[in-house]
Structure formats: C-alpha cells, structure tokens
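*Asks:* Below you'll find the structure I mean.
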Amino acid sequence: MSVTQKEIKTLARLSRLEFSDGEIEKFAPEFEEIIDFANTINAQVEGDTGSIREVVARTVKWEDLREDVVKESLPNEKITSNVQAENGYFPVRRVVK
C-alpha cells in the first residue's frame, strides 16, 4: 500500500500538525511501515472469522426498568464545608474560551 503525500497532508491537517514538504517525503515510507505492521497484527488477531457468532443488540423492555425515586441528598452547607464555595457552588477554572 502506497501512502501519498496528499493523504499525509490530510492526516496532518486533521491532527493539527504542520510538516514541510521534505518532512512529508520522509514520513511516507514510515507511514507505509506502520500500516503494514498494523495489517500484520490484524491478520493474526482476526484470523478466520467464520466461527465467530453474531452478536445482536439487546434491548430492554420499559417494564424491566426500575422506577426513578427521588431521595433526599446531603445539605448544601455540608457538601461545600471543605471548599471555598461561591454562592453555594464549587468554583471551577474555565478551561474553554
């Protein structure tokens, strides 16, 4: 299997990586080795799949589900007693801009 420069550029873009044209030429044979190795592993692991039974999705009937029951929880003061709470909530640093 031959990996093209276009495929490497697409993978780099999807991975948010930037490579020069020289680096892409260098990576092409390395990608081919990785793909060949993965194919070797897949062939060993999969082997003959004819003897594997089909697994079907299991569905649960509504009658088998438990009913939701509201239970009393701990008081807010006790929950926030070990932290510096702000207006009864846990302060969390913003991680997304």
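The values are calculated or read from the model by the stated rules, or taken from the named source; none is laboratory data. Note that the structure is predicted; figures quoted are calculated from it, not measured. Counting neighbours? That spans all protein chains shown, and the Cβs are built from the backbone with ideal geometry, glycine included. The accessibility values were calculated without ligands, DNA or RNA, using every heavy atom of the protein model including side chains. Shrake-Rupley method; radii C 1.70, N 1.55, O 1.52, S 1.80 Å.
*Asks:* Note down all Cβ pairs under 7 Å where the first residue falls in region 1-16 and is open to solvent by 70 Å² or more (accessible area, probe 1.4 Å), the second is assigned to a helix (DSSP H, G or I), and they're at least six residues apart or on different chains.
*Replies:* From region 1-16, the pairs are M1/E32; M1/I35; S2/E32; Q5/I24; Q5/A28; K9/I24.
*Asks:* For the structure I just gave you, tell me whether L65 is open to solvent by 100 Å² or more (accessible area, probe 1.4 Å) and free of Cβ contacts under 8 Å to residues at least 40 places away in the same chain.
*Replies:* no
*Asks:* Give the number of residues within region 30-53 that are modelled with pLDDT under 75 and surrounded by 10 or more Cβ atoms within 10 Å (Cβ to Cβ).
*Replies:* Within region 30-53, residues that are modelled with pLDDT under 75 and surrounded by 10 or more Cβ atoms within 10 Å (Cβ to Cβ) number 1.
*Asks:* Working only within region 68-86, note down all residues that are among the aliphatic types (A, V, I, L, M) and open to solvent by 100 Å² or more (accessible area, probe 1.4 Å).
*Replies:* The answer is V69, V70, L74.
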